[in-house]
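Novice: Provided herewith is a single structure, encoded as structure tokens, for subsequent inquiry.
The values are calculated or read from the model by the stated rules, or taken from the named source; none is laboratory data. If you're wondering where the values come from, they're calculated on a predicted model, not measured in any experiment. Here the Cβ positions follow ideal geometry from the backbone for every residue, glycine too, while neighbour counts run over all protein chains shown.
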Amino acid sequence: MRWSNFFAYTLKEAPKDAVVASHKYLIRGGYIKQVAAGIYNFLPLGKIVLDNIKKIIKEEMDKAGAQEVMLSFVTPYELWEETGRAKKYGDELLRIEDRKGQKFVLSPTNEESVVDLVRGTIKSYKQLPVNLYQINLKFRDEARPRFGLLRGREFIMKDAYSFHATREDLDREFNLMQETYENIFKKMGLDFRVVEADSGAIGGSGSREFMVLADTGEDDIVVCTECNYAANIEVATRKHEQRENPVKTEVIEEVYTPNKKSIEEVCEFLGVDPYFSIKAVAKKAVFDDKEEVVVFFIRGTDTLEETKAKNAVGALELVDVSEEELEKVGLVPGFIGPFGLPSNVKYVIDDDLRMATELVCGANKKDYHIKGAGLLDANLLGNLTLYRDIAAVKEGDKCPKCGKPLKITKGIEVGHIFKLGTAYSEPMNATFLDENGKAKPFIMGCYGIGVSRLIAAAIEQNHDEKGIIWPKEIAPFVVDIIVGDVKKEEQLNFATKLYEKLKKAGVRVILDDRKERFGPKIADFELVGFPIGVIVGKKLKDGKVEIRDRKSGEKFEVGGDEVFEKVMEMVRK
RNA sequence: CGGAGUGUAGCGCAGUUUGGUUAGCGCACCUGGUUUGGGACCAGGGGGUCGGGGGUUCGAGUCCCUCCACUCCGACCA
């Protein structure tokens, strides 16, 4: 490509609303342009990067035996009613109507579509397994799109759906997809982790996320400093420690703690290490048909992990609850404890407290706490006691696999694989005949990659204060040949010849033959982020050309006749 | 969805408090010239329904009403 007639422009200033690096550089570099909140146009540079990523994904998916299809972007609303997700997905589902008033949705994901495609088409176990994938537009009406391509409303996703006759076969495919994803992200030159994850609204029995490590990530992930344990904080676990309380209380007693409500206040007042206290977190759990107050008990030094807590009670969501609402069900805000709770209040206790003794907790009585309590004393509790892991793992907790310290880092979710089981085939009545001629629902898996988000994630992980530093595999062009002064025929001719030669050799190369001075050209080289720069400038009269490596910043001169070989060597590396 | 803010040329902004000629500046763009290794300089030029609608007024970018869009914090989010 010759830059002089390439539709690519750069900006000196980023729009003020771009706050993360990828958003800023994608706009300044002329990759994308905003159309509406969370909706972008892709300019040629952006489209090339997108295609490069698509190509890698397609290669690996095909290698794994998956077959590419393209499902319709507009899907009948009825399909969504069949699985009940019309309601569950809520306002994120963009509904539209045609001229006859028939309702449709813009696909935010395609489980329903693909099950509809397969039911009645695949009839026998002999036609299984099959894995269908597409790389297609998705639309989710996010409440708050942000950060450019990291969280858009309209985005490109690779989604795959597999169908199996047995659980074992699903497990096999799930593992194959994990391997395939690892190959894809490795090929793209990204630093990523595979983590255990919550299944969320998609449902199913098991799931793993692929996280690109970057400070701007929206997800907290827990990784072990020693072994390979890694999990999203939503599901991360830790090894339970049992610290012995040095203070021994003879009797369990109520103590007067006037106006001391928070853990800090109470523990300071009583001179107790907060580790030996119980924090009560009250929430309102929202279910399909009702709402109720649930109290979660965790250690004073822990915080509640809402996703775990939500799953522990099987609620759709947890929302904050007011003091009035607490009082209405008989709770005493600020002094809630696990002993002697009103019998109509549901509660969950964190696993970590199961064996704990000598604790301070609320007495369910205004201005009183209990001292010296232990949960082992089961008869203090009602018989509905529910122990679950509901606390958030924190930095320094011990790895559940090897016991070494855990640390927390930020990650950007770029892939997610699920074992769906029969969560969609059953409600949609999609069955096949097994060896015995009996109808059984398909056992399914689904596998997603956020393709446009990957563009942003790659930049978040690979940039500096000047611009993007593309991994070679996905860079729009690998080599940028800069002509120092296009009016100098000697320079232009030399550069053009080199350009043609590299192009012939299959290298993605751009010739910067714009009538610009050297400054803007080199600045654009850095901003747009080409991996290799070749400067054909004033040193050419001494037979020298300069080569720069964008990533290392290294620059060196080579003789005009060695340039081609030297560049090819760098391209191959 | 709750809270806060912004909307003036492609981008970044001033002008709005206190209504008053023809709405300005930097970057970008066009023409000519000089420059040519880190975002040049000189001269000339084009580009605006001041987010939309309504109102007050002799007069509205500025005041009032209303609608819309976008952004930030939070809730939410395969």
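Novice: Going through A:GLY374, A:GLY396 one at a time, which residue ends up being farther than 30 Å from A:LYS138 by Cβ and outside the structural domain of A:VAL272 (by TED's automatic domain parsing)?
Specialist: A:GLY396
Novice: Which ranges mark the strands (runs of 3 or more DSSP E) fully within the range A:298-375 that have 1 or more residues being of a type in the set (Gly, Ala, Ser)?
Specialist: Details: elements: A:317-319, A:346-350, A:359-365, A:368-373.
Qualifying strands (runs of 3 or more DSSP E): A:359-365, A:368-373.
Novice: Ok, one more. How many residues, within the range A:389-431, are closer than 30 Å to A:GLY84 by Cα and within 25 Å of the chain's Cα centre (by Cα)?
Specialist: Here is the first cut: in the range A:389-431, the residues closer than 30 Å to A:GLY84 by Cα are A:389-390, A:412-431.
Right, trim to within 25 Å of the chain's Cα centre (by Cα) and you get A:389-390, A:412-424.
Total satisfying the criteria: 15.
Novice: Given the criterion out of contact with any helix residue (DSSP H, G or I) (no Cβ under 7 Å at 6 or more places or on another chain), surrounded by fewer than 18 Cβ atoms within 10 Å (Cβ to Cβ) and without any contact (Cβ under 8 Å) to a residue 60 or more places away in the chain, identify the matching residue among A:VAL329, A:VAL295, A:VAL345, A:VAL321.
Specialist: Working: A:VAL295 fails: surrounded by fewer than 18 Cβ atoms within 10 Å (Cβ to Cβ); A:VAL345 fails: surrounded by fewer than 18 Cβ atoms within 10 Å (Cβ to Cβ); A:VAL321 fails: surrounded by fewer than 18 Cβ atoms within 10 Å (Cβ to Cβ).
Step by step, each of A:VAL329, A:VAL295, A:VAL345, A:VAL321 is checked, and only A:VAL329 is out of contact with any helix residue (DSSP H, G or I) (no Cβ under 7 Å at 6 or more places or on another chain), surrounded by fewer than 18 Cβ atoms within 10 Å (Cβ to Cβ) and without any contact (Cβ under 8 Å) to a residue 60 or more places away in the chain.
Novice: For the range A:250-280, enumerate the residues that are crowded, with 21+ Cβ neighbours inside 10 Å and either in a strand (DSSP E or B) or free of Cβ contacts under 8 Å to residues at least 12 places away in the same chain (or both).
Specialist: Once the filter is applied, which keeps residues that are crowded, with 21+ Cβ neighbours inside 10 Å and either in a strand (DSSP E or B) or free of Cβ contacts under 8 Å to residues at least 12 places away in the same chain (or both), the range A:250-280 yields A:SER277, A:ILE278, A:LYS279, A:ALA280.
This table checks each residue for (1) at pLDDT 95 or above; (2) assigned to a loop (DSSP other than H, G, I, E, B); (3) not β-branched (Val, Ile, Thr).
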{"position": "A:GLU465", "(1), (2), (3)": "no, yes, yes"}
{"position": "A:ALA475", "(1), (2), (3)": "yes, yes, yes"}
{"position": "A:ILE482", "(1), (2), (3)": "yes, no, no"}
{"position": "A:GLU516", "(1), (2), (3)": "no, yes, yes"}
{"position": "A:MET568", "(1), (2), (3)": "yes, no, yes"}
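Yes/no matrix, rows are residues, columns are (1) more than 16 Å from RNA strand B (Cβ to nearest atom); (2) crowded, with 20+ Cβ neighbours inside 10 Å:
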| residue | (1), (2) |
| --- | --- |
| A:GLY340 | yes, no |
| A:ILE349 | yes, yes |
| A:CYS361 | yes, yes |
| A:LEU375 | yes, yes |
| A:PRO400 | yes, no |
| A:GLU413 | no, yes |
| A:HIS416 | no, yes |
| A:LYS419 | no, yes |
| A:SER425 | yes, yes |
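Novice: A further question on this structure: Of all residues being of a type outside the set (Lys, Arg) and within 26 Å of A:PHE139 (Cβ to Cβ) in the range A:156-179, which is farthest from RNA strand B (Cβ to nearest atom)? Just the residue, please. Break it down into steps so the answer makes sense when it comes.
Specialist: Here is the first cut: in the range A:156-179, the ones of a type outside the set (Lys, Arg) are A:156-157, A:159-166, A:168-171, A:173-179.
Right, trim to within 26 Å of A:PHE139 (Cβ to Cβ) and you get A:156-157, A:159-163, A:177.
On the way: A:ILE156: 9, A:MET157: 4, A:ASP159: 7, A:ALA160: 10, A:TYR161: 12, A:SER162: 15, A:PHE163: 19, A:MET177: 12 Å.
The qualifying residue farthest from RNA strand B (Cβ to nearest atom) is A:PHE163.
Novice: Let me ask you something else. Hey, can you tell me all the residues within the range A:158-187 that are in contact with a helix residue (DSSP H, G or I) (Cβ under 6 Å, 6 or more places away or on another chain) and farther than 30 Å from A:LYS126 by Cβ?
Specialist: Residues satisfying the conditions are A:ILE184, A:LYS187.
Novice: Scanning for something of a type in the set (A, V, I, L, M, F, W, C), modelled with pLDDT of 90 or more and surrounded by 13 or more Cβ atoms within 10 Å (Cβ to Cβ), does the range A:196-207 turn up at least one residue?
Specialist: No, because not a single residue in the range A:196-207 is of a type in the set (A, V, I, L, M, F, W, C), modelled with pLDDT of 90 or more and surrounded by 13 or more Cβ atoms within 10 Å (Cβ to Cβ).
Novice: Another one. For A:ARG548, indicate whether it is within 8 Å of RNA strand B (Cβ to nearest atom), buried (at least 20 other Cβ atoms within 10 Å of the Cβ), of a type in the set (Lys, Arg) and more than 15 Å from A:MET1 (Cα to Cα).
Specialist: Yes.
Novice: Also, quick follow-up: Can you confirm whether the range A:88-107 contains a residue that is at pLDDT 90 or above, buried (at least 16 other Cβ atoms within 10 Å of the Cβ), of a type in the set (Ser, Thr, Tyr) and in contact with an Asp or Glu (Cβ under 8 Å, 6 or more places away or on another chain)?
Specialist: The answer is no; no qualifying residue exists.
Novice: Among the residues of the range A:81-92, is any hydrophobic (A, V, I, L, M, F, W, C) and within 10 Å of RNA strand B (Cβ to nearest atom)? Even if it seems obvious, please write down each step before you answer.
Specialist: Initial filter on the range A:81-92 (hydrophobic (A, V, I, L, M, F, W, C)): A:86.
In the following step, the residues that additionally are within 10 Å of RNA strand B (Cβ to nearest atom) were identified as none.
No, the range A:81-92 contains no residue that is hydrophobic (A, V, I, L, M, F, W, C) and within 10 Å of RNA strand B (Cβ to nearest atom).
Novice: Here is a further query. So the check is Cβ under 6 Å with 6+ separation or different chains; which pairs have a first residue in the range A:535-559 that's farther than 12 Å from A:PHE525 by Cβ and of a type outside the set (A, V, I, L, M, F, W, C) and a second one that's part of a loop (DSSP other than H, G, I, E, B) and near RNA strand B (Cβ under 8 Å from one of its atoms)?
Specialist: A:GLY537/A:GLY484; A:LYS538/A:GLY484
Novice: Checking the conditions here, which among A:PHE564, A:PHE556, A:PHE494 is more than 10 Å from RNA strand B (Cβ to nearest atom), in a strand (DSSP E or B) and surrounded by fewer than 21 Cβ atoms within 10 Å (Cβ to Cβ)? Steps first, please.
Specialist: Details: A:PHE564 fails: in a strand (DSSP E or B); A:PHE494 fails: in a strand (DSSP E or B).
That would be A:PHE556, the only listed residue that is more than 10 Å from RNA strand B (Cβ to nearest atom), in a strand (DSSP E or B) and surrounded by fewer than 21 Cβ atoms within 10 Å (Cβ to Cβ).
Novice: Mind listing whichever residues of the range A:140-150 are in contact (Cβ under 8 Å) with a residue 60 or more places away in the chain and either crowded, with 20+ Cβ neighbours inside 10 Å or out of contact with any helix residue (DSSP H, G or I) (no Cβ under 9 Å at 6 or more places or on another chain) (or both)?
Specialist: Passing the criteria: A:PRO145, A:PHE147, A:GLY148, A:LEU149, A:LEU150.
Novice: Listed residues A:GLY533, A:GLY506; which is among the small types (Gly, Ala, Ser) and within 13 Å of RNA strand B (Cβ to nearest atom)? Step through it out loud before you land on a result.
Specialist: On the way: A:GLY506 fails: within 13 Å of RNA strand B (Cβ to nearest atom).
Of the residues listed, the single one that is among the small types (Gly, Ala, Ser) and within 13 Å of RNA strand B (Cβ to nearest atom) is A:GLY533.
Novice: Name the one entry in A:SER22, A:SER4, A:SER113, A:SER72 that is more than 9 Å from RNA strand B (Cβ to nearest atom) and in a loop (DSSP other than H, G, I, E, B). Steps first, please.
Specialist: On the way: A:SER22 fails: in a loop (DSSP other than H, G, I, E, B); A:SER4 fails: in a loop (DSSP other than H, G, I, E, B); A:SER113 fails: in a loop (DSSP other than H, G, I, E, B).
Selected residue: A:SER72, the only one of A:SER22, A:SER4, A:SER113, A:SER72 that is more than 9 Å from RNA strand B (Cβ to nearest atom) and in a loop (DSSP other than H, G, I, E, B).
Novice: Then there is this: Looking at (1) more than 13 Å from RNA strand B (Cβ to nearest atom); (2) modelled with pLDDT of 95 or more, which is the only condition A:ASP191 fails?
Specialist: For A:ASP191, the exception is condition (2).
Novice: Of the residues that make up the range A:136-143, is at least one at pLDDT 95 or above and in contact with a Cys (Cβ under 8 Å, 6 or more places away or on another chain)?
Specialist: no
Novice: So A:ASP524 clears everything in (1) at pLDDT 95 or above; (2) more than 6 Å from RNA strand B (Cβ to nearest atom) except one condition, right? Which one?
Specialist: A:ASP524 satisfies all of (1) at pLDDT 95 or above; (2) more than 6 Å from RNA strand B (Cβ to nearest atom) except (2).
Novice: Now, a different point. Name every residue in the range A:151-173 that is assigned to a helix (DSSP H, G or I) and crowded, with 21+ Cβ neighbours inside 10 Å, in order of residue number.
Specialist: Residues satisfying the conditions are A:LEU170, A:GLU173.
Novice: Next up: Among the residues in the range A:26-35, are any within 23 Å of the chain's Cα centre (by Cα) and surrounded by fewer than 18 Cβ atoms within 10 Å (Cβ to Cβ)?
Specialist: Yes, some residue in the range A:26-35 is within 23 Å of the chain's Cα centre (by Cα) and surrounded by fewer than 18 Cβ atoms within 10 Å (Cβ to Cβ).
Novice: Now for a different question. Could you give me the residue pairs with C-beta distances under 6 Å whose first residue belongs to the range A:66-91 and is within 21 Å of A:GLN134 (Cα to Cα), whose second residue is of a type in the set (Gly, Ala, Ser) wherever it lies, and which are 6+ apart or on separate chains?
Specialist: Here the result reads A:ALA66/A:ALA160; A:LEU71/A:SER113; A:PHE73/A:SER107; A:THR75/A:SER107; A:THR75/A:SER113; A:TRP80/A:ALA86, each pair linking the range A:66-91 to a residue that is of a type in the set (Gly, Ala, Ser).
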